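The values are calculated or read from the model by the stated rules, or taken from the named source; none is laboratory data. This structure is a prediction, so every number in the text was calculated from the model and none was measured. So basically every Cβ, Gly included, is an ideal-geometry build from the backbone, and we count neighbours across all protein chains shown. Note: accessible area is taken over every heavy atom of the protein model, side chains too, but ligands, DNA and RNA are not part of it. Shrake-Rupley method; radii C 1.70, N 1.55, O 1.52, S 1.80 Å.
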Amino acid sequence: MSSAPSRPPSPPRTPTPGPDGSQDSGNSTTAGHRGGPDADPARKPLGMALLSLGAAGAAMFMTSGPLWMTVAGVVSGVAAMVFAVMALLGLRRARRRLLILVATMVAVAVAGFALLTGGIRLVFWDTVSGYEQCLSQSVTISGQAACQESMEDDLRGLLLPGMN
């Protein structure tokens, strides 16, 4: 047995220009996939839709916490909206259009609700935090009712000045 190769070595490949003008060095493992799974344009909208759902869920969870968490929830809600728009823009070249469309619509609804509640919570932060502090200190049902009445009076004073 000889140790010589059974076929002659192939000549070195020269880079060929791709459809977008970039040079393909021939080192890609799969034809049409340059750079890995994120490079597939048909999978990007699905990833954006799932990212949008995750960000919307995080926004919904975070908008009911302390001030820093509420601000982070509003930022997450805005990010969810941006990811949803990006997923919808890539819908034409996607494979699972219905799944992406449903996921982005759910994400937009959840993120919109989180933005609305988080925004209202931030606008009335002083009143809401005073109410939460009052509730944590009250022991009786009548004390909780007094906290509720105090918050309603404060909100009425903010929304309808001069009517209180």
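Side notes on the structure shown:
- Test for residue 70: is it modelled with pLDDT of 90 or more, over 16 Å from residue 102 (Cα atoms) and over 12 Å from the mean Cα position of the chain (by Cα): yes
Here is a yes/no grid of residues against (1) touching a residue at least 40 places away in the same chain (Cβ under 8 Å); (2) more than 13 Å from residue 113 (Cβ to Cβ); (3) in a helix (DSSP H, G or I); (4) among the acidic types (Asp, Glu):
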| position | (1), (2), (3), (4) |
| --- | --- |
| 60 | yes, no, yes, no |
| 65 | no, yes, no, no |
| 82 | no, yes, yes, no |
| 85 | no, yes, yes, no |
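- Residue count for segment 92-140 satisfying the condition of being β-branched (Val, Ile, Thr) and more than 22 Å from residue 46 (Cβ to Cβ): 7.
- Tabulated pairs, segment 145-164, first more than 17 Å from residue 128 (Cβ to Cβ), second at pLDDT 85 or above and exposed (fewer than 13 other Cβ atoms within 10 Å of the Cβ), C-beta under 7 angstrom, 6+ apart or interchain: 163/156; 164/153; 164/156
- Residue 75 being surrounded by 18 or more Cβ atoms within 10 Å (Cβ to Cβ) and either free of Cβ contacts under 8 Å to residues at least 60 places away in the same chain or over 25 Å from the mean Cα position of the chain (by Cα) (or both): no
- The helices (runs of 4 or more DSSP H) found entirely in segment 87-164 that carry 2 or more residues being open to solvent by less than 60 Å² (accessible area, probe 1.4 Å), under 24 Å from residue 50 (Cα atoms) and not aliphatic (A, V, I, L, M) are 97-123.
- Check on residue 63, at pLDDT below 95 and under 21 Å from residue 155 (Cβ atoms): yes
- Residue 140, sole failed condition from (1) over 18 Å from residue 63 (Cβ atoms); (2) touching a Lys or Arg at 6+ places or on another chain (Cβ under 9 Å): (2)
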